[in-house]
């Protein structure tokens, strides 16, 4: 029954032939986001929507980094999403608390004090 309802909803929208129209959910076993990368420095004092994250990512800067998926506007299509890596303990804590509450997406502003990045 749930699938039928999803089909009805899609028929009401114009099928532009894009994958975004199909709204295929992310593969939970694949730890990546298919969107452009940015960095924390570019997002300082910017408000955006945190949509998802992965922990335990290895980068050239070290292991156990967090990969965060964001959107500037909540209704932006996934193709316009961005991602950034962080090692901030403050951001990691907030992301895990949001996850515990099943409260994604969440609107935040990225702040920095010295070398400490955090969400407000």
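So what is the relative contact order for the chain, in percent, with contacts set as C-alpha pairs under 8 Å and at least six apart?
Relative contact order here is 25 percent.
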The percentage of Cα-Cα pairs in the chain separated by more than 19 Å is 52 percent
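How much length is gained on full extension from residue 46 to residue 12, taking 0.36 nm per residue of separation minus their Cα-Cα distance? Write out the running numbers ahead of the final one.
Numbers: separation 34, 0.36 × 34 = 12.24 nm, distance 3.43 nm.
Difference between extended and current length: 8.8 nm.
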Ordering of 63-75, 99-111 by packing [mean C-beta count within 10 Å, highest first]: 63-75, 99-111
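Read-outs: derived from the displayed coordinates by stated rules, not from any lab. A quick note: this is a predicted structure, and the numbers were derived from the prediction, not measured. Methodologically, a virtual Cβ is constructed for each residue, glycine included, from the backbone with ideal geometry; neighbour enumeration extends over all protein chains shown.
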